[in-house]
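The values are calculated or read from the model by the stated rules, or taken from the named source; none is laboratory data. Computed from a predicted model, the values in this text were never measured in an experiment. Heads up, the Cβs are rebuilt from the backbone with ideal geometry, glycines too, and the neighbour counts pull from every protein chain shown.
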Amino acid sequence: MYKTALFIIVIVFLPILMFSQENGKRVKVYYKQVNDCNYEFYATNENFCPYQVEVDLRGAENLFITAHLPFYTIIEPQTEEYLFTVVTWKDISKTLKIVHNTYIGDINVLPDTNYIYFLPYEPGAACRVNQGYNERFTHKGSMKYSIDFGMSVGSYIYAAREGIVVDVKDDSNKHGLSRYYRKFANYITIYHSDGTFSQYVHIMKNGSLVKVGDYVEKGQLIGLSGNTGRTRGPHLHFMVYKATYKGKETIPTLFLTSDNVATYLQRKNFYISTRTNVSQSIVQVSSNVPASSLNTNYSKTSEADLGGL
């Protein structure tokens with residue numbers, strides 16, 4: 001007869017991107033006691049996207065374990081997975097603790113770098129790119145392929161790509177310039193069919209019009225832009241990222257513009273949102289390269305030019 005129990009779990013969550021907190025808490029690790037000396041360990045992923053899970057045991061000396069620790073695996077959404085077995089005559093509930101790390105996404109997916117995104121604001125509206133790729137303030141390192149759109153508080157946000165909503169935070173109304181305010185950024189995270197994620201950040205308090213588990217269509221209204229988290233003014237921070245081993249990194253994205261051209265966006269430029277059906281239209285792909293490969297003379301770049309963080 002199986003006996004199932006939850007361990008005392010020590011969760012160490014190590015976000016790479018400054019906004020995303022993700023729902024790693026919805027990955028549960030537990031064991032089933034098969035007999036007097038065999039304990040089978042399992043993990044359940046209750047999220048709507050894959051998660052990387054790393055499991056280690058503290059106090060596991062002199063035990064036989066059928067896997068090397070720390071144990072790493074990727075668990076598909078809405079599934080349970082067997083991890084390993086511990087063999088011992090001891091009562092492990094009194095001697096072991098689990099260190100349980102979770103990281104969003106599957107590292108084995110291949111992003112569709114040719115996908116053409118809609119601009120994430122109202123059709124016919126024009127917004128300025130306040131901060132582009134590889135800027136000196138916050139778009140560096142793993143976040144270098146991020147875009148800041150100049151959008152006022154309450155502006156409509158539309159899904160740039162279809163997918164499943166996997167995380168929403170919209171309970172904050174705080175903002176400021178210091179890094180302390182990063183944790184107060186509201187956001188919506190959407191999981192795509194190619195395994196990548198898009199994230200819409202700094203939305204206003206109660207500004208999400210979708211919930212976790214919703215499927216959203218490309219061009220669907222999903223939220224209201226705001227000024228939460230680490231900002232110097234209202235704007236929408238948008239990025240697409242893929243999972244890496246125990247982390248993640250942003251990737252450059254092509255956007256459809258009003259002249260029916262798919263292009264990488266450039267800082268200081270205004271772009272008009274359009275809803276041309278990409279699959280039924282001949283779209284010209286611009287030959288411009290992502291702005292991260294350009295040389296930016298920061299001595300001539302003001303903070304006002306770069307816009308919000």
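Here are some notes:
- Test: residue in the stretch 163-174 that is touching a helix residue (DSSP H, G or I) at 6+ places or on another chain (Cβ under 6 Å) and more than 26 Å from residue 76 (Cβ to Cβ): yes
- Out of 231, 253, sole residue that is touching a Leu at 6+ places or on another chain (Cβ under 6 Å) and either on the phi > 0 side of the Ramachandran plot or hydroxyl-bearing (Ser, Thr, Tyr) (or both): 231
- Candidates in the stretch 21-42 are the residues that are part of a strand (DSSP E or B) and β-branched (Val, Ile, Thr); of these, the one that is nearest to the chain's Cα centre (by Cα) is 27.
- Residues that are within 18 Å of the chain's Cα centre (by Cα) and acidic (Asp, Glu), drawn from the stretch 112-127: 112
- Tally, over the stretch 33-42, of residues that are surrounded by fewer than 21 Cβ atoms within 10 Å (Cβ to Cβ) and at pLDDT 95 or above: 2
- A residue that is out of contact with any Gly (no Cβ under 9 Å at 6 or more places or on another chain) and at positive phi cannot be found anywhere in the stretch 111-121.
- Filtered residue count, the stretch 191-236, keeping only those that are assigned to a strand (DSSP E or B) and in contact with a Pro (Cβ under 8 Å, 6 or more places away or on another chain): 2
- Single unsatisfied condition, residue 105 versus (1) modelled with pLDDT of 95 or more; (2) on the phi < 0 side of the Ramachandran plot: (2)
- Contact annotation: residue pairs with Cβ atoms under 9 Å, 6 or more positions apart or on different chains, pairing a residue in the stretch 108-130 that is surrounded by 15 or more Cβ atoms within 10 Å (Cβ to Cβ) with a partner that is assigned to a strand (DSSP E or B) and polar (S, T, N, Q), are 117/198; 120/198.
- Any hit, the stretch 148-171, residues being in a loop (DSSP other than H, G, I, E, B), of a type in the set (Gly, Ala, Ser) and surrounded by fewer than 15 Cβ atoms within 10 Å (Cβ to Cβ): yes
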